[in-house]
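The values are calculated or read from the model by the stated rules, or taken from the named source; none is laboratory data. Everything numeric here is computed off the predicted structure, so don't read it as measured data. Here the Cβ is made from the backbone with ideal geometry for all residues, glycine too, and neighbour counts use every protein chain on show. Just the protein is used for accessible areas: all its heavy atoms, side chains included, with ligands, DNA and RNA removed. Shrake-Rupley method; radii C 1.70, N 1.55, O 1.52, S 1.80 Å.
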Amino acid sequence: MPPTDWNPAETRLWHAFRQGAELDLAALDEAERKVRADVIAELLLHGPEALPGRVAALKLTGAEIQGRLDLEGAVIEPALALVGCTFEHGVNLTTATAGAICLNDSHLPELSAELLRARTFMMRDAALDGNLWIQGARVDIDIDLDRTRVAGFLNANLAVTGGWLNGRGSPRHDGVKPGLTIGGELDLVGAQLGGLDLHGARIGDGVWARGAVIGYACLATAEIGGPLSLRAARITGELDLDAVVIRPSSDPTMIDLTDAEVATAVVTPSPDSSGRLSLRNARITAYADQPDAGHETDLDGFAYQRLQPLSPECADERLAWLERGAAPSTPQPYEQLAAAYRAAGLHREAGRVLREKLRRTSRARGGLARAWGALQDLVLGYGYQPWRAVVAFVAILAAGTIYFATVSCPSLCPIKAGEHPAWDPFLYTLDLLIPLANLGHDGVWNPLGLAKAVSLVVIVAGWALVTTIAAAAARALTRT
């Protein structure tokens, strides 16, 4: 029989415990719903045997729990479900070992569950006036915090789950009730999670998950008042950041994926987000974004195999994306994008990207190097537009032929009378224009005045064409 000093609610709980049945006190008056925390601890740790054919369990709904429920280091064999309960003081589950723990719809000042070992931990639709400590906890199945409200911060660094850490809100098409709400920050540094679902969550001071290992991470439509740090994290599935709103107050970086490894990433923040995106040295197999969003992005060392969108129509946006995120001294982002275009069969766009890389590198150098780069760009498009050389050659040849067809002696007379071929302005211009060939015309005529100046211009243009073509050919051989 239960102790004689227990009140009616506690006595009923004793009998319900032996049957493994739920005791619902929600419909009673406040005075009739009071249950002491010490009574709950005694039932869990030294409770009576179950009735024959029953499994003992503590299932209490709608109670006013008085005192502090202190189960630090306890080994709790019965299932524990305190649903819709209001706690006078915090709950201490530090280093406890338990099966199933359920605190759905309950109101707690604070919860400490560091190094907890449990099969499953459920706290849906709950409210905490202070902090939630679950760092180092190991939960075999899920940590379920859907729509829970934490006024302080949530510390879950080094937590390990075999399943998911959930903090979902209403379904995406509903959008009525937010998911997990945290007044402070969410700390997941070094955590190992089968999945992280924070769709629709509201987090006040940022999410820190440096070095975390996560199977799947969804923060779609979440609102975060600080940075989202996934530095050196490893996500073996998809990272979904669709329509996430991030407004870091002091940190200039809104999303930090530095040194991260991700299988698939959808990084499409809401237009209401602000700050920069760091992809420095990140390795993402398939990456999807909005290149026209205008966010400054650090692309140094960013490696990917597939990029979306990647089409001829968005080539200008991709070039602007590179200009915002790559310094002229770091060619790797341009080479990476060009490789993606080539893999997609878009060789023209790949050449355009590499040409822009050489153009930016040239502009960052000194005066002579900049002038030489401008000449290569004008004549050959750095070797990616060879038709420009053909056009330049034909234009100079035609202009020279037309001019020399109008001149006569003494502007252009033979050096030795009777020892010269018949005058041909086309062959004379061609002989001047090709510096490495001798057609027998340029050496037998003596230009004077304006004709001499025009001849020098044609000769210099010919040498410029030859040297730029040679430089482009050497660059092409280096690429192959």
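For the residues Leu448, Leu436, Leu456, the requirement of being surrounded by fewer than 20 Cβ atoms within 10 Å (Cβ to Cβ), more than 59 Å from the chain's Cα centre (by Cα) and modelled with pLDDT of 65 or more singles out Leu448.
Please go through the range 343-363 and pick out each residue that is assigned to a helix (DSSP H, G or I) and under 23 Å from the mean Cα position of the chain (by Cα). Within the range 343-363, Ala343, Val353 qualify.
Evaluated against (1) open to solvent by less than 30 Å² (accessible area, probe 1.4 Å); (2) not in a helix (DSSP H, G or I), Cys314 falls short on exactly one condition, (2). Scanning the range 141-155 for residues that are assigned to a loop (DSSP other than H, G, I, E, B), open to solvent by less than 40 Å² (accessible area, probe 1.4 Å) and within 13 Å of Leu196 (Cα to Cα) gives Leu145, Asp146.
Yes/no per residue for (1) crowded, with 17+ Cβ neighbours inside 10 Å; (2) at pLDDT 65 or above:
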site	(1), (2)
Pro414	no, no
Glu419	no, no
Asp431	yes, yes
Lys452	no, yes
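For Thr236, the conditions (1) assigned to a strand (DSSP E or B); (2) at positive phi are fulfilled apart from (2). Filter the range 79-104 down to the residues that are under 17 Å from Lys34 (Cβ atoms), open to solvent by 20 Å² or more (accessible area, probe 1.4 Å) and in contact with a strand residue (DSSP E or B) (Cβ under 6 Å, 6 or more places away or on another chain) and list them by number. Once the filter is applied, which keeps residues that are under 17 Å from Lys34 (Cβ atoms), open to solvent by 20 Å² or more (accessible area, probe 1.4 Å) and in contact with a strand residue (DSSP E or B) (Cβ under 6 Å, 6 or more places away or on another chain), the range 79-104 yields Val83, Gly84, Thr86, Glu88. Listed by position, the strands (runs of 3 or more DSSP E) inside the range 1-106 whose residues that are touching a residue at least 24 places away in the same chain (Cβ under 8 Å) number at least 2 are 22-24, 34-36, 57-61, 64-66, 79-83. For the range 107-140, filtering for residues that are among the polar types (S, T, N, Q) and assigned to a loop (DSSP other than H, G, I, E, B) leaves 2.
Here Ser274 meets the list (1) out of contact with any strand residue (DSSP E or B) (no Cβ under 7 Å at 6 or more places or on another chain); (2) more than 24 Å from Gly195 (Cα to Cα) almost entirely, failing just condition (1). Would you check if there is a residue in the range 278-301 being open to solvent by 20 Å² or more (accessible area, probe 1.4 Å) and in contact with a His (Cβ under 8 Å, 6 or more places away or on another chain)? No, because not a single residue in the range 278-301 is open to solvent by 20 Å² or more (accessible area, probe 1.4 Å) and in contact with a His (Cβ under 8 Å, 6 or more places away or on another chain). Being in a loop (DSSP other than H, G, I, E, B), more than 29 Å from Gly84 (Cα to Cα) and either open to solvent by 10 Å² or more (accessible area, probe 1.4 Å) or basic (Lys, Arg) (or both) is a condition met by no residue of the range 162-185.
Counting only residues that are more than 14 Å from Glu88 (Cβ to Cβ) and of a type in the set (Val, Ile, Thr), which one in the range 1-41 is least open to solvent (accessible area, probe 1.4 Å)? Within the range 1-41, the match that is least open to solvent (accessible area, probe 1.4 Å) is Thr11.
Just so you know, in the range 258-277 the residues that are of a type outside the set (S, T, N, Q) and open to solvent by 20 Å² or more (accessible area, probe 1.4 Å) include one that is farthest from Ala220 (Cα to Cα), and it is Asp259. No other residue among Pro252, Pro248, Pro227 is open to solvent by 30 Å² or more (accessible area, probe 1.4 Å), under 18 Å from Gly206 (Cβ atoms) and not acidic (Asp, Glu) apart from Pro252.
Return the residues of the range 99-139 that are over 25 Å from Glu22 (Cβ atoms) and polar (S, T, N, Q); say none if nothing qualifies. Ser112, Asn131, Gln135, listed by residue number.
Within the range 149-162, residues that are closer than 7 Å to Asn131 by Cα and in contact (Cβ under 8 Å) with a residue 40 or more places away in the chain reach partners that are part of a loop (DSSP other than H, G, I, E, B) and among the polar types (S, T, N, Q) with beta carbons closer than 6 Å, at six or more positions or on different chains, in the pairs Gly152/Asn131; Phe153/Asn131. From the list Leu158, Leu115, Leu132, the lone residue that is surrounded by 24 or more Cβ atoms within 10 Å (Cβ to Cβ), modelled with pLDDT of 95 or more and either touching a Gly at 6+ places or on another chain (Cβ under 9 Å) or under 25 Å from Gly237 (Cα atoms) (or both) is Leu132. Checking each residue in the range 196-216 for being outside any loop (DSSP other than H, G, I, E, B) and either crowded, with 19+ Cβ neighbours inside 10 Å or at positive phi (or both) picks out Leu196, Asp197, Arg202, Ile203, Val207, Trp208, Ile214.
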